[in-house]
Each structure stands twice: as C-alpha cells, then as structure tokens.
Amino acid sequence: MGSLPNLAPLTPRIAGRFDVILVGCTERLLMTPAFRARAHQISRTARLIAVVPMPTPDAGAQAASLGFAGLVARDVSPRALERTIAAAIRGESAFPRSVLDGLVQMVSRLAGPRPAGGKPALTPRQGQIVELIAQGATDREIATALRISQSTAHKHVQNALRRLNAKTRSQLVASAREPVFPGSFGH
C-alpha cells in the first residue's frame, strides 16, 4: 500500500507495484482536468482509493468515473479503512453506502420517468396519433378522426417525432412499436 499527497511523481509502472494507493484529494480536485487525466492513467494499473474530507455522491461519481476502486472519509475509522482496502484488493468497489444511495437518487432524478425500453414515453394523445399514422392517416384525417384542428394534429405529430427522435412518420411508427426488450418477438 502507498500513500501520496498527489499523483505527480507516480508513474503507471510504479503504481502497478502496489496493491492499493490511497490518494488524498478533495471533491474540487477530483474535477480538475490535470488530476483527472493523471488519475485515469494511474487507475489502469493500480487500485486507487480517494480519501476525501467528506464523501458525497458527487465526489463518489467523480472518483468512480476516474476508475477509483473506492472512496473514504479522511476521518474514517481504522477498521473501516481496513475493510475498504481489503475490498479494493479483492477487486470490489468500496464506496460508502451513503454515497451509493445518493448516486442512485441522482441517476433516478436525471433519468426521469421512462419506460423499460429507455425511450421517452409518448403521451396518450401522441399514441393515438401514431396509431392513426400507422393506418396511413394524413394530418387532415387525424384531425377529423380525433375532432381537433388540422394544425393541432400536425403539432401532435411534430411533438411525437421530436420525442422519439424520428425524422419521418414511418420512423415514428417503427420507433413507437419497438419491443420493450430488443431482440424479443423475432426482432
């Protein structure tokens, strides 16, 4: 195990000789371009554990994105530090539960409500529009069938195209009808 005040004197070759390297850093340092480049390079050959003043989900996300095997608070107990080091040596990720819980919450908020397929869902009205398009309906025919103006029908079509990132009405229908699990149902 090694402990360094910074990564500057460390080469990937030297780093590979250690089981684990504890790296004292701050959340701000984890985001600096020079540190990120160096840490990413070193993490390819060595298991790094970030030692930060206070572990946060943001610090955890930054450390994980750089390939760090773990993250601990600067004032962690010796026993907890031992467990973190042992987990990293075994090839496991060793991040505090509070950090992982925070990361899951962050990802959930960023993802927003999406169906299992990962695409944004169409509104119920857009779903009706897509079904009519699949039957070959024009904007005028959609407007008549749904008792809305032709310009409103056109607006719904445009919004559905944008939502599913489709360029044509055919792509819209195909994208809306993709199975939830790609590769299933013979596709």
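Couple of notes before you dig in:
- Taking other residues whose beta carbon is less than 15 angstrom from the beta carbon of Ala39, and scoring Lys, Arg as +1 and Asp, Glu as -1, yields +4.
- Per-residue ³J(HN,Hα) for segment 34-43, Karplus 6.51 cos²θ - 1.76 cosθ + 1.60, θ = phi - 60°, Hz, x for Gly and Pro: 5, 5, 4, 4, 5, 4, 4, 5, 5, 5
- FRET efficiency, 1/(1 + (r/R0)^6) with R0 22 Å, evaluated for Ala86 and Ser65 via beta carbons: 0.40
- Point-to-point label distance, Thr26-Arg177, nm (Cα→Cβ direction, 7 Å offset): 5.8
- Accessible surface computed residue by residue for segment 1-108, with neighbouring protein chains in place and a 1.4 Å probe, gives 56 Å² per residue.
- Extension gain, Val107 to Gln135, is 6.3 nm, computed as 0.36 nm per intervening residue step minus the present C-alpha separation.
The values are calculated or read from the model by the stated rules, or taken from the named source; none is laboratory data. Remember, predicted model here, so these are calculated numbers, not experimental data. Glycine also receives a Cβ, built like all others from the backbone with ideal geometry; neighbour counts cover every protein chain displayed. Side chains included, ligands, DNA and RNA excluded: accessible areas come from the protein's heavy atoms. Shrake-Rupley method; radii C 1.70, N 1.55, O 1.52, S 1.80 Å.
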